[in-house]
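So the structure is just underneath, and the comments pick up after that.
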Amino acid sequence: MDDHTAEYWARQLRIGAAMASVVTAIGGLRIATGWESAYRGWLIPIILAVLAQAAIFPLPWARLVRSGRTRRLLTLWWLSEMPVMVLFGWVDPDGWMLYVPAAVLLLITAAALWSPRFVIVLGVMSVGGYALLLPTRAGTNLGTTFVLIAMMSCVVGLTAIFAKSRRSLDNRRRTAEQRAETLLAASADAVIAISPDGLVLYATESISPMLGISRQTLVGSRLSSLLPDDRVGPAGEFFAELIALPNGQSMRAESQLRNADGKWVYVDVLATNWVDDPDIEAAVVSLRDIGARRALENELQHQAYTDSLTGMPNRALFRLRLEEAVAGHAERPVTVLLLDLDDFKLVNDNLGHSAGDELLTTIAARLRRHVRPSDVLARLGGDEFAIIMRDLEPGDAAALAERLVRTIREPIRLGSRDIACSLSIGIATSTADDQGDQLLGNADLAMYAAKRAGRNGYAIFDPTMTISVLEEAQLRIDLEQGLEQNEFAVLYQPVVDMQTQSVTSVEALVRWNHPRDGLLGPYHFIGAAEANGLIVPLGRWVLREACAQLARWRAESPAAATLKVNVNLSARQFQYAGLVDDVAEALRDAGLDAASLTLEITESMLMEDIETAKSTLHALRALGVRLAIDDFGTGYSSLSYLKQLPVDVIKIDKTFVDDVDTDADDVALVDAVAGLGQALKMQTVAEGIETDAQWVTLRRLGIDHGQGYLFGRPADPDQISDLLAGVSTISA
């Protein structure tokens with residue numbers, strides 16, 4: 001039996017008890033006034049019956065009627081009433097008149113509770129009693145008796161029909177309620193009804209899987225018992241605002257409820273005010289578990305603001321924290337340290353990205369050891385980190401930068417190799433008018449200043465840095481655009497045989513057709529390209545272009561059949577792990593034999609890491625290319641190293657050629673180099689020959705080849721083609 005039915009039964013039983021008390025009291029009044037004194041002793045049981053029926057009125061019928069045994073006892077109560085009324089009608093002279101209304105009342109109350117079958121049984125008993133009383137006590141004739149019994153039978157029929165209609169309505173109501181309960185139970189949302197004083201009046205079964213609390217436990221309790229202490233007050237305000245709304249209007253919020261395990265469940269709350277609806281008289285609250293959604297939102301937020309490799313805040317969160325720091329503490333200066341690893345790209349290129357990731361996580365762990373809990377340490381991306389610090393004493397930021405530089409310089413073991421890294425750090429401290437972006441930009445300018453100063457150090461922002469750094473930044477942008485838009489060109493300077501002046505090879509020299517500044521020589525951009533890492537793709541392009549051009553010359557002119565091309569390698573390009581593959585690919589794509597290409601490396605580049613240089617040179621020699629030491633004499637190479645290197649050509653620097661026809665020391669040095677070349681079976685090339693006197697002296701000293709304005713300036717491919725064809729178009 002559901003709550004609604006139980007309440008209905010309780011209400012009808014109280015009505016029935018009240019009617020039974022009144023009817024019994026009327027019978028007692030009849031005894032007191034109409035019976036002889038000898039029989040008035042029956043008043044005692046009548047009074048007891050009245051009191052007994054009045055006493056059952058306040059019983060908790062809504063609970064008692066749920067028991068089948070109780071309902072069976074109630075049927076006996078109804079059935080026992082009928083013979084008592086027949087007996088009273090028989091004994092009392094006028095009792096037959098009281099019998100009819102009493103029987104009708106009994107039938108009506110029975111129809112409100114019992115089935116039509118029971119009502120008919122009770123009705124048959126009432127008609128039988130009436131049929132007995134009419135001829136015997138009322139003295140009616142047969143016709144009158146028949147008519148009165150027929151009318152009484154109609155009453156029985158009507159009450160039976162009423163009982164059937166009520167039962168049908170009850171069944172339809174229960175079906176509708178069951179359907180609604182089923183739909184609500186199948187829904188992930190839990191629905192509860194809360195009275196104006198905060199008691200839970202109703203809850204669907206969905207509350208149990210959501211909170212682990214049965215609906216029976218929840219009903220009758222206060223919802224505030226499930227709320228966190230800090231939410232009880234706001235929840236009360238929310239509820240007060242809700243019930244102040246017009247009937248049927250809703251409010252929405254998010255809250256937390258405590259489940260059976262004491263854990264908090266995040267719920268979406270949709271509350272509708274039905275307090276003024278007489279059928280509901282409560283606020284109906286729909287609860288939806290949004291724990292999974294909140295967890296997903298938190299995870300997405302974590303991903304949006306966290307660097308996945310190091311677990312540090314990322315650039316987005318760093319910028320947010322920086323804006324908060326600058327805006328929220330105007331009177332307390334904020335210091336930003338911007339950290340950038342020097343030459344990190346070489347680690348990725350030489351050892352692979354997995355090694356690069358391991359290096360970054362190791363560096364991140366080292367940085368964490370040097371920052372305070374209140375500081376914000378973030379990875380902005382790639383090899384760039386940043387720190388936000390407050391309340392620093394003068395000199396603290398510089399001292400921290402020095403410690404960071406030292407700790408990062410400590411070797412890091414990656415696989416079987418020890419890697420030494422260095423940091424360039426820019427430091428900027430906010431002023432009264434600084435915004436977060438401006439402060440970060442100042443630190444960025446200082447960091448570039450540290451790189452220009454030689455790296456592995458730090459620089460503190462100074463307003464004078466802005467112009468020079470902006471110029472360099474613009475140059476970098478221009479270089480990147482120049483590579484994308486093919487603004488670079490290769491010119492070629494002849495290298496001739498010193499005896500015959502015939503062209504034996506050409507040196508590839510890159511130039512930049514700048515859209516604003518015109519044709520720029522290498523001194524305007526090579527340093528910047530070297531500093532920002534663009535020298536590797538630029539050098540690769542020059543290598544491929546030079547090889548392709550030599551292939552075109554050979555295809556166009558028989559005079560170029562033995563021509564060779566020389567290509568310079570920069571320091572970064574020489575250290576690049578993919579250099580050998582780049583060279584092999586350029587030769588293969590151009591269709592050239594490896595001996596047609598000479599790669600020029602400066603003496604200082606070789607001496608930076610002689611062992612690595614030897615390994616790289618032997619790998620290049622294995623391809624079959626020729627190798628030359630450029631600017632020989634300006635470095636510090638020793639004969640023992642020179643003997644170990646697979647070098648084919650020694651190029652004498654221009655500084656020793658300028659005065660070779662007038663300076664005895666230069667003559668002696670060039671003569672020694674020529675002898676060294678002959679001893680080691682290396683060709684010698686003198687650079688920067690500009691006069692006949694220099695040419696004559698160098699030829700006499702035994703130099704094999706020469707290069708300089710005397711024989712030809714750097715020229716475009718068409719001019720070189722004319723030179724090979726015997727048409728001298730290159731102005732000396």
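Quick notes on this one:
- Pairs meeting the criteria (first residue in the stretch 194-212 and under 24 Å from GLU241 (Cβ atoms), second residue open to solvent by 40 Å² or more (accessible area, probe 1.4 Å) and of a type in the set (Ser, Thr, Tyr), beta carbons under 7 Å, at least 6 apart or on different chains) are GLY198/SER224.
- Residues (of a type in the set (Gly, Ala, Ser) and either modelled with pLDDT of 95 or more or open to solvent by 60 Å² or more (accessible area, probe 1.4 Å) (or both)) located in the stretch 716-732: ALA725, GLY726, SER728, SER731, ALA732
- Flag for VAL510 being touching a residue at least 60 places away in the same chain (Cβ under 8 Å), among the β-branched types (Val, Ile, Thr) and either more than 30 Å from ARG379 (Cβ to Cβ) or open to solvent by 50 Å² or more (accessible area, probe 1.4 Å) (or both): no
- In the condition set (1) modelled with pLDDT under 90; (2) open to solvent by 20 Å² or more (accessible area, probe 1.4 Å), LEU414 is compliant with all but (2).
- Any hit, the stretch 221-231, residues being closer than 11 Å to ILE194 by Cβ and part of a loop (DSSP other than H, G, I, E, B): yes
- Among (1) in contact (Cβ under 8 Å) with a residue 12 or more places away in the chain; (2) within 49 Å of the chain's Cα centre (by Cα); (3) farther than 20 Å from VAL567 by Cβ; (4) open to solvent by less than 50 Å² (accessible area, probe 1.4 Å) - the single one MET498 does not satisfy: (2)
- GLY521 being touching a residue at least 12 places away in the same chain (Cβ under 8 Å), surrounded by fewer than 22 Cβ atoms within 10 Å (Cβ to Cβ) and not hydrophobic (A, V, I, L, M, F, W, C): no
- Residue tally, condition more than 32 Å from the chain's Cα centre (by Cα) and either among the acidic types (Asp, Glu) or open to solvent by 80 Å² or more (accessible area, probe 1.4 Å) (or both), over the stretch 275-296: 5
- Against the test of being in contact with a helix residue (DSSP H, G or I) (Cβ under 9 Å, 6 or more places away or on another chain), assigned to a helix (DSSP H, G or I), under 25 Å from ALA398 (Cβ atoms) and modelled with pLDDT of 85 or more, the options ALA364, ALA325 yield a single qualifying residue, ALA325.
- Single residue of the stretch 115-127 satisfying the filter (open to solvent by 20 Å² or more (accessible area, probe 1.4 Å) and either among the aliphatic types (A, V, I, L, M) or in contact (Cβ under 8 Å) with a residue 12 or more places away in the chain (or both)) that is nearest to ILE161 (Cα to Cα): PRO116
- Residue in the stretch 546-562 that is open to solvent by less than 10 Å² (accessible area, probe 1.4 Å), assigned to a helix (DSSP H, G or I), modelled with pLDDT under 90 and under 23 Å from GLN481 (Cα atoms) present: no
- Residue within the stretch 568-580 that is farther than 30 Å from TYR448 by Cα and not β-branched (Val, Ile, Thr) present: no
- Residue satisfying condition, being crowded, with 16+ Cβ neighbours inside 10 Å, charged (D, E, K, R) and under 28 Å from LEU569 (Cα atoms), within set GLU480, GLU487: GLU487
- Filtered by the rule that a residue be at pLDDT 90 or above and in a helix (DSSP H, G or I), the stretch 676-695 gives ASP692, ALA693, GLN694, TRP695.
- Filtering the stretch 328-365 to residues that are within 19 Å of VAL376 (Cα to Cα), in contact (Cβ under 8 Å) with a residue 24 or more places away in the chain and aliphatic (A, V, I, L, M) leaves ALA330, VAL334, VAL336, LEU337, LEU338, LEU339, LEU341, LEU360, ILE363, ALA364.
The values are calculated or read from the model by the stated rules, or taken from the named source; none is laboratory data. These figures come from a predicted structure and were not determined experimentally. We place every Cβ from the backbone using ideal geometry, glycine too, and count neighbours over all the protein chains shown. We work out accessible area using only protein heavy atoms, side chains counted, and drop any ligands, DNA or RNA first. Shrake-Rupley method; radii C 1.70, N 1.55, O 1.52, S 1.80 Å.
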